[in-house]
Ligand SMILES: [Zn+2]
């Protein structure tokens, strides 16, 4: 199945780097008003109909993205970036937008994700975000949070702060990037530490847990009205991954596969701090997840090979993160 965007449909594997922005028809345009987000959520229309699988993207025309129509989708996850460590040409690093219940929650903002997010929102000031969740302070997961900070600071200074859920090192790194950083960050974002006890994030109940990585990484599980989406961030193998993704409709998992290409510098000695695709498949299987979205691919990796190794462990549907990919949910 596909979603239609002003008659332009991205074929699988095509159009890399074309950008991904799109706005669901029926959005009220409230994000254009100075000083505020759209009241009552994003105003996304929820067309009746099928729960279509995947795949789209859009083409920028004349520097702007076409207005679009996505058919038969009530909730969805859009991939902003699919690479780990640094982005491949035309791609970006980890980043996702989860739309559900008329709200938008951003998950991670690595290198190159912000222009794609702004295009998706149709707003240079990043209006229309209900919450931002950052798993950890590595730049391939959070550096464009600084760009988002500036979009809000210079574009919507009087607006209420955007809820930000992130481990403390994310906040510290963000503050270090800006003059008078602490004050600017405090005025732009309403920070909630991760991991933490279950809390509300947009329309979701947000659960979080510390998972093994080089610095504190918070796996997250977002549950709301018939939908569960879990995201590992970057993690080594850990039995808690089964609980994080328990019965999830979509499990987004690190599939770095750093050893796939000969000659790639080895990871630092010690326990593994990222997953292979096979380990991601195993985690999804143990969790009983319905679908698995592999992401955080080491640049240059053969993603189909990663899918194949994950499929050896997980019999459910396996999706490969790709810039512009939309995954309909619920
Ligand atoms: Zn990392």
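Bear in mind that the values in this text are calculations on the coordinates, not laboratory data. Because the structure is predicted, anything quoted here is derived from the model rather than measured. Neighbour counts run over all protein chains shown; Cβ positions are idealised from the backbone, glycine included.
What FRET efficiency comes out for residue 180 versus residue 266 if R0 is 45 angstrom and r is the Cβ-Cβ distance? Round to the nearest 0.05. Write down the numbers at each step before the final one.
Working: r = 41 Å, r/R0 = 0.90.
Efficiency computed from Cβ-Cβ geometry: 0.65.
Where does region 92-171 land on the Kirkwood hydrodynamic radius, alpha-carbon pairs, in angstrom? Each step should come with its number before you reach the end.
Details: mean 1/r = 0.0806 Å⁻¹.
Computed over region 92-171, the radius equals 12.4 Å.
With a 10 Å Cβ neighbour count serving as the proxy for reagent exposure, in which order, fewest first, do 296, 213, 192, 100 appear?
Placing the least packed residue first, the sequence is 192, 213, 100, 296.
Would you mind putting 175-187, 138-150 in packing order, based on average other-beta-carbon counts within 10 Å, highest first?
Details: 175-187: 14.2, 138-150: 22.8.
For the peptides 175-187, 138-150, the packing ranking is 138-150, 175-187.
Go ahead and collect, in residue order, the members of region 271-289 whose backbone nitrogen is under 12 Å from a label point 7 Å along the Cα-Cβ direction of residue 247.
Those under the cut-off are 288-289.
What is the ratio of the Cα radius of gyration of region 74-329 to 2.2 N^0.38 Å, with N the residue count, to two decimals? Let's see the in-between values first.
Numbers: Rg = 16.9 Å, N = 256, 2.2 N^0.38 = 18.1 Å.
That works out to 0.93 for region 74-329.
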